[in-house]
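Visitor: Handing you this structure, nothing more for now.
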Amino acid sequence: MVAIRRLNCFDYPKLKKLISYLCNDDSDRLAKNLMQEPLGIINAMLPLSMKFRSESFILIDNKEILGLITCVCTPGNPYKINITRLIFKENRYEIGKQLVEFLIQKMGGKGATTFKVVIDECHNELFDLFVNGCGFRQCSSETLWKNEHPVPQKSDIKWRYAQNSDSEKIAELYNSEVVNIFKPSLLRYSKEFQSPFFQGFTKFYKTRYIYEETNKILGYFSVTTEDNLNYILDITTNSGYDIDYSQIINVMMSDISRKKHEFYPVIKQKKYTNNSQKLEDYLNANGYYPIQTRHILVKDFYKTVKEESKNWNVFILGESQILG
């Protein structure tokens, strides 16, 4: 009998069979999450507005785990759900579709209105699964850039760490820089730029910065890491000003280097912002190279699910992505 339910610590031995082909780091991460089962039980009982960690659900048939899906609420906007992991047995496309539809119905019933997933551009089958099978639509994309030998240098710009009280002005800046055609899907609330209340329970650590002149915020940038080794550098600047990206990047890299001797910075280029091309030109001219482009797919809860495609050949999401 087929059933979908929440993952619990007793499922790990069976789950290992499904993920035996994954890297050890990911297997260890799943095991660690399962060991925090008391927190998971508390989190499952809370409304969306109070959830503080991700949730995973499994599809079981005759006591065998055939698939898993993981989601997490967007900090500051719990009604926007991010699908972060989808695993199912090879060639069992209907399992992936069932898990996605289950998640949409379950979280939609709790009040969620938007679902988002980020997929590597080379995963065409996953793209088909979400777009043709589950009614998601392609919104925009992000590209990650890397420099093999970054050297942090002193910066002269006036920066400071962002405070929660800055969130309204930061949201104003961010939303004004989103290209108009993408605004319905990618606008963000001011609370999304605040530190989560349950910061200690999130799987990532984020440092936020502000660049300002005469009390006007000209730039907002952040550093995010899950493992204290790989760091995502995200930059949003006012397109009405000529801002030196090297100054901003050096602020973030210098701050990281004060805490970590060895680290790997990656710069995120948001293709849906006004300064996207300007940042790309800078990165190309300064020794950076693209390592990954990811499609952003969005589904509004009330949109009709499209007809299922019969030609999918996909079985995994979330294992080859760099955190964002």
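Visitor: Among the residues of the range 266-281, is there at least one that is more than 22 Å from Ile210 (Cβ to Cβ) and within 20 Å of the chain's Cα centre (by Cα)?
Guide: Yes, because at least one residue in the range 266-281 is more than 22 Å from Ile210 (Cβ to Cβ) and within 20 Å of the chain's Cα centre (by Cα).
Visitor: Something else: Just for the range 145-178: of the residues that are surrounded by fewer than 19 Cβ atoms within 10 Å (Cβ to Cβ) and of a type in the set (A, V, I, L, M), which one is nearest to Ile291 (Cα to Cα)?
Guide: Result: Val151.
Visitor: Being crowded, with 21+ Cβ neighbours inside 10 Å and modelled with pLDDT of 95 or more is true for just one of Leu86, Leu99, Leu68, Leu129. Which residue is that?
Guide: Of Leu86, Leu99, Leu68, Leu129, the one residue that is crowded, with 21+ Cβ neighbours inside 10 Å and modelled with pLDDT of 95 or more is Leu99.
Visitor: Given the structure, is Tyr220 part of a strand (DSSP E or B) and either modelled with pLDDT of 90 or more or over 16 Å from the mean Cα position of the chain (by Cα) (or both)?
Guide: Yes, satisfied.
Visitor: Looking at (1) within 27 Å of Glu168 (Cα to Cα); (2) buried (at least 18 other Cβ atoms within 10 Å of the Cβ); (3) at pLDDT 95 or above, can you tell me which one Thr225 breaks?
Guide: (3)
Visitor: Hey, can you tell me all the residues within the range 111-167 that are part of a strand (DSSP E or B) and of a type in the set (Lys, Arg)?
Guide: First pass over the range 111-167, keeping only residues part of a strand (DSSP E or B): 114-120, 137-146, 159-161.
Passing the criteria: Lys116, Arg137, Lys146, Arg160.
Visitor: Please work out which residue is nearest to Tyr241 (Cα to Cα), limiting yourself to the range 124-180 and to residues that are among the aromatic types (Phe, Trp, Tyr) and over 20 Å from the mean Cα position of the chain (by Cα).
Guide: Only one residue fits best here, namely Trp159.
Visitor: Now for a different question. When you scan the range 133-154, do you find a residue that is over 30 Å from Ser254 (Cβ atoms) and charged (D, E, K, R), even just one?
Guide: yes
Visitor: Going through the range 53-65 one residue at a time, which ones are surrounded by fewer than 17 Cβ atoms within 10 Å (Cβ to Cβ) and among the β-branched types (Val, Ile, Thr)?
Guide: If the condition is that a residue be surrounded by fewer than 17 Cβ atoms within 10 Å (Cβ to Cβ) and among the β-branched types (Val, Ile, Thr), then Ile60 is the only one that fits.
Visitor: Out of the residues in the range 92-106 that are of a type outside the set (Val, Ile, Thr) and under 13 Å from Ile69 (Cα atoms), which is nearest to the chain's Cα centre (by Cα)?
Guide: Of everything passing the filter in the range 92-106, Leu103 is nearest to the chain's Cα centre (by Cα).
Visitor: Can you find a residue in the range 183-190 that is farther than 21 Å from Asn274 by Cβ and modelled with pLDDT under 95?
Guide: So in the range 183-190, the residues farther than 21 Å from Asn274 by Cβ come out as none.
So far as the range 183-190 goes, no, none of its residues is farther than 21 Å from Asn274 by Cβ and modelled with pLDDT under 95.
Visitor: While we're on this one: Please work out which one of (1) closer than 22 Å to Asn238 by Cα; (2) surrounded by 17 or more Cβ atoms within 10 Å (Cβ to Cβ); (3) β-branched (Val, Ile, Thr) is the condition Ile181 fails and give its number.
Guide: (2)
Visitor: Also, I was wondering about something else. Out of curiosity, is Lys206 touching a helix residue (DSSP H, G or I) at 6+ places or on another chain (Cβ under 9 Å) and not in a strand (DSSP E or B)?
Guide: Considered against the rule, which asks whether it is touching a helix residue (DSSP H, G or I) at 6+ places or on another chain (Cβ under 9 Å) and not in a strand (DSSP E or B), Lys206 comes out as no.
The values are calculated or read from the model by the stated rules, or taken from the named source; none is laboratory data. Since this is a predicted model, take the numbers as computed values, not measurements. Counting neighbours? That spans all protein chains shown, and the Cβs are built from the backbone with ideal geometry, glycine included.
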